[in-house]
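Reading through the structure tokens given below for one structure.
The values are calculated or read from the model by the stated rules, or taken from the named source; none is laboratory data. All values derive from a computational prediction rather than experimental measurement. Neighbour counts are summed over all protein chains in view; Cβ atoms, including those assigned to glycine, are modelled from backbone coordinates with ideal geometry. For the accessible areas, the whole protein counts, side chains as well, though only heavy atoms, and no ligand, DNA or RNA atoms are used. Shrake-Rupley method; radii C 1.70, N 1.55, O 1.52, S 1.80 Å.
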Amino acid sequence: MISKKLETALNKQINEEIFSAYLYLSMAAYFLSLNLDGFAAWMKNQAQEEMSHAMKFFNFLDEMGGRVSLLAVKEPEKNWKSPLAAFTAVSRHEQYITSCINELYRLAGSEKNNPTQIMLQWFIKEQVEEESTATKIVFKLTQIKDSVNGMWILDKQLGARGTGA
Ligand code: OFO
């Protein structure tokens, strides 16, 4: 059982996760345009991970007897002024997603909806990882500054390590 209010909030979160996938796919295209194939591969992996997040919410809402209702996905940005600017945007976006998850958790708590709270605990942990990963890459890019060698090394690392960088 799920209330209309929680159903609406979970449908909104499906949209947020699909938008995250869209944003990271747009960043993959940006990195491909710079010939940074490793960065692009990392973004493609990340986009897939976001779709799997969307599907977790999708399947959960259905299992709870709710009605999945897909909303329009907004157009993502297409250009950033540097790889550092792109990853800074990732970091900010993940902080925003964390706030959405926390808000959902509070709503599920206020409705005493235990299954939703338990499901959201996975996302709460996941967001710690998402934010930490983005922060570390922002740190590396800040250190690298304009070093071409540094960029190629990081490109190789991100390409090899996929979403786990
Ligand atoms: Fe779904 O965690 Fe990123 O946005």
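Cross-link partners of Lys12 among lysines, defined as those whose alpha carbon lies under 30 angstrom from its own and excluding same-chain residues fewer than eight positions apart: Lys4, Lys44, Lys56, Lys74, Lys78, Lys81, Lys112, Lys125, Lys136. Within the stretch 98-165, the proportion of C-alpha pairs whose separation exceeds 19 Å stands at 50%.
Calculate the FRET efficiency for Val73 and Asn114 from the Cβ-Cβ distance with a Förster distance of 41 Å, rounded to the nearest 0.05. Efficiency, from the Cβ-Cβ distance: 0.85. Each residue of the stretch 18-25 is assigned a 3J(HN,Hα), and the resulting list reads 5, 4, 4, 4, 5, 4, 6, 5 Hz, derived from the Karplus form 6.51 cos²θ - 1.76 cosθ + 1.60 (θ = phi - 60°), x at Gly and Pro.
Excluding Leu141 itself, calculate the net charge of residues whose Cβ lies under 13 Å from the Cβ of Leu141, where each Lys or Arg counts +1 and each Asp or Glu counts -1.
Details: positive: Lys81, Lys136, Lys140, Lys145; negative: Asp146, Asp155.
Summing Lys and Arg as +1 and Asp and Glu as -1 gives +2.
For the stretch 155-160, putting each phi into the Karplus relation 6.51 cos²θ - 1.76 cosθ + 1.60 with θ = phi - 60° gives couplings of 4, 5, 4, 5, x, 7 Hz, in residue order, rounded to whole numbers and with x for Gly and Pro.
Once you have a ≥ b ≥ c as the square roots of the Cα gyration tensor eigenvalues for the stretch 1-160, tell me rounded if a/c is under 1.5, and otherwise prolate or oblate according to whether a/b is larger than b/c.
Note, shape of the stretch 1-160 comes out prolate.
For the chain, the longest principal axis of the alpha carbon atoms and the long axis of helix 114-144 meet at an angle near 10°. Computed from Cα positions, the angle between helix 37-63 and the longest principal axis of the chain comes to roughly 0 degrees.
For the stretch 84-165, the Cβ-based charge dipole about the Cα centre amounts to some 180 debye (Lys, Arg positive; Asp, Glu negative; other atoms uncharged).
Rounded to the nearest 20 Debye, what is the dipole magnitude of the chain about its Cα centre when Lys and Arg each give +1 and Asp and Glu each give -1 at the C-beta?
On the way: 18 positive and 19 negative charges, 42 e Å.
So the dipole magnitude of the chain works out to roughly 200 debye.
The angle between the Cα long axis of helix 83-110 and the longest principal axis of the Cα atoms of the chain comes to about 10 degrees, rounded to the nearest 10. Looking at the chain, the accessible area is 55 square angstrom per residue; that uses a 1.4 Å probe and ignores ligands, DNA and RNA.
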